[in-house]
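**Student:** First the structure, then my questions, so here it is.
Nothing in this text is a laboratory measurement; each read-out follows from the coordinates by a stated rule. Not measured: the values here are computed from a predicted model. Positions of Cβ are generated from backbone atoms using ideal geometry, with glycine treated the same way; all protein chains shown enter the neighbour counts.
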Amino acid sequence: ESDAGDYTCVCGDKQSTASLAVHALPVLFKEELKNEEVQEGASVSLRCELTKAVAVQWKLGSKLLKASDKYQMRQHGTTAELVIHDLEVKDA
């Protein structure tokens, strides 16, 4: 999208200008989250891959998760990862 704009070709005192519009493609999941079964007290890593590097949010039900000692969020390019430490039954 940052390439959109007016482009001009100049030759001496003559010029030609065109406007370029760039339509963004939707963000899709290349690799979705997978179900996990983990024992209480352990840690788990949930990972997904997107078609574009965009910011993601992690939720448990409708509750927005924030980084803490319990929840660690990482993002490397198009891969987003949530690590949950010291799992409890209520984390299911």
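**Student:** Going highest first, how would you order 79-86, 65-72 by mean Cβ packing within 10 Å?
**Tutor:** 79-86, 65-72
**Student:** Counting only pairs 8 or more places apart or on different chains, how many lysine pairs in the chain have C-alpha atoms closer than 19 Å?
**Tutor:** 8
**Student:** Would you please state the base-10 log of I(q)/I(0) at q = 0.13, 0.18, 0.23 1/Å for region 1-68, with intensities from the Debye formula using one equal scatterer on every alpha carbon?
**Tutor:** Here log10 of I(q) over I(0) equals -0.64, -0.91, -1.15.
**Student:** Rounded to whole Å and sorted largest first, what semi-axes of the equivalent ellipsoid does the C-alpha gyration tensor of region 32-92 yield via the square root of 5 times each eigenvalue?
**Tutor:** 21, 12, 11
**Student:** Around Lys90, under 14 Å between beta carbons, what's the net of Lys plus Arg minus Asp minus Glu among the other residues?
**Tutor:** -2
**Student:** For the chain, what is the percent of antiparallel DSSP beta bridges, rounded to the nearest 5?
**Tutor:** The antiparallel proportion sits near 100 percent.
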